[in-house]
Each structure stands twice: as C-alpha cells, then as structure tokens.
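This report concerns only the one structure given below.
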Amino acid sequence: MRVLVTGASGFVGSHLVPELVDRGHDVVALTRDPASYAAPGGVEVVEGDVLDPELSLPAADAAYYLVHSMEAGADFEARDRRAARNFREAVDEAGIERIIYLGGLGNEDEGLSEHLQSRREVERLLGDGEAELTALRAAIVIGEGSASFQIIRQLAARLPVMVTPSWVRTECQPIYVDDVVAYLAGVLETPETAGRTYDVGGPDVLTYQEILTTTARILVGRRPLIVPVPVLSPGLSARWLGLVTDVPVSVAKPLVDGLSNRVVVTDDSIDQYVQPDLTPFEESVRLALGTAPTAESTPIEA
C-alpha cells in the first residue's frame, strides 16, 4: 500500500517507517523540515505542518498520525486539537480512506489527566471525518528516544533515594517500541481493524515503583530506596524531575499528571488480528539500554 506517516522523525515514527518499507509498502514521510530528516532508502519525503490550516497531503491508501505538542507547554491541548482537525480535513481532501493513530491507555470513568484527555480528544477528532480510524492505546513505550523512558532511566541512574508521590504505586503496562510498531503495521494490513479501537500493552503489569527499581537494578546494579509521600503535587513533581533529569519541565509535567491514572489493557480483542511476540519488561529495558545479551554471549544450557 501507499502509506503516509506523520511524525516520521519522532520516536515511534522512526521505528515504524523502516518496518513498513521492509514489509513492501510505499512510504511517504511528512515532516516540517525535510532537510533534517534522514529518510530510509525508498521513502518519499514531503514537507508539511499539521498546524497549518492550509495543510495539503499527497494521495495515499492510509495515513498514520504520530504527533503531539507536549513540548509546547501550557497550550499543548489547544495545539493538539488544532493539529488533529487540520489533519483530518486534509486527509478527507486527499481521499485517504484510513487513519491509524497511537493514543494513550486509561479509563475515562476514573478521571483522566489533562494529557490523557487530550490524547482521547485527538482520537475523537480524527475519527470525526470520512476516513475510518483505527486507534491503538498504549501506556509507556520503552525504547531509546522515549521521553517517558528517559525519565525512568535517569531517575534510576542518578538517585539512590527517591521521595516520590503516591503515584509510584499506580499500575502500568509498558510495551517495547518494536511491539508497538508490530501492532501499528499489523492493523494496516488487517482491513477488519478499520473503524475500531484497541488497547495494546506488553506482557507485564507493574507499578511505577517496580519499573524504577527494575531499571535501576539493570542499569547500576542496585535498587533505589523509594519513599512515597501523599503531598507532592504534580507541579512540584515536574520541577523535581526538571532538576534531576534532562527532560524539560514542559514535557515532564503532562507526563507526571498522567501517572496517577492506571494504564493497563482491559480489552485484548486485538489479539484476534495481530499477535506479536511481546517482549517482557526486563528484556525491553535491556534492549533500550543496549545491554541485552547477544546470541554469541548467551550461554547454552546443557
């Protein structure tokens, strides 16, 4: 198929584009700055900005929407809303029949954070056009380049003792980036998934405390002492993360706001159509850190 990828230079998009090429699809990458995007061989690159109300898209069979505006700061929701509407209108004008979107897990009945509410609003806006929407909802995506994993990695490496909010006891179902890509590519090739919404996650459900301690054990060989306290606000948490990690506060705050939401798979119906060999959390971390054993270094049991 001829496939448009919006957000091709981002964390997930940079993994998805070569996978689609390997599967034999004709890929078009949409980027605001084509000169700075090192496209894989055979990928057509077109310039475009989803915040442009005059956005024009090339013809395609399907389009991936993998963009967000968290780095914009306090007005990220308005920017995401405007971008989603522009993209949906451009998709309809180009005659593209399918949109595939990666959003966030979370139960709306439990009161989603502003960040997760925005992800859900984008999902609704994208589905409000002529194209059929396939929405995948995921929690933390593990891999080099993930802002969420960057926070986890740096906390685990730098702090032997952490005074954290009570969100460290919230459950999360992280997923390795290659597994997300397998789902994204798989639904493209499965027409039955058009017009549907699916939860996706890795094989392990952990608390954020377990995520932090496991990452620290792999990274530095020790488990940090984590002391949960009930009074550390999301704003203070974000500023604390800004001091001890390299993640900008503008990105950390919406991520922290969502940590109080339980983000686990409650509907596994996607397994009827796409069944990747899911990567356990510990292996995902080792792969992201570049410490996973190779075939040459793995001992063979007698």
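The values are calculated or read from the model by the stated rules, or taken from the named source; none is laboratory data. Please read all numbers here as calculations on a predicted model, not as lab measurements. All Cβ positions, even for glycine, are placed from backbone atoms using ideal geometry, and neighbour counts span all protein chains on display. Remember, those area values only see protein heavy atoms, side chains included, never the ligands or the DNA or RNA. Shrake-Rupley method; radii C 1.70, N 1.55, O 1.52, S 1.80 Å.
Brief remarks follow.
- A Förster radius of 25 Å, combined with the Cβ-Cβ distance separating SER36 from GLU144, puts the computed FRET efficiency at roughly 0.85.
- In this structure the range 13-77 gives 49 Å² per residue of accessible area when probed at 1.4 Å with all protein chains present.
- Accessible surface of the range 73-192, 1.4 Å probe: 41 percent of it comes from carbon and sulfur atoms.
- Reduced Cα scattering model of the range 26-114, Debye log10 I(q)/I(0), q = 0.16, 0.20, 0.24 Å⁻¹: -0.74, -1.06, -1.33
- Here the gap between GLU108 and VAL220, fully extended at 0.36 nm per residue and compared with their Cα-Cα distance, gives a gain of 36.6 nm.
- With all protein chains kept in place, the per residue accessible area of the range 111-214 amounts to 35 square angstrom at a probe of 1.4 angstrom.
- Length added when fully stretched, GLN275-ARG2, from 0.36 nm per residue minus Cα-Cα: 95.9 nm
- GluC sites (Glu not before Pro) lying in DSSP loop within the range 24-72, provided at most 11 other Cβ fall within 10 Å: GLU54
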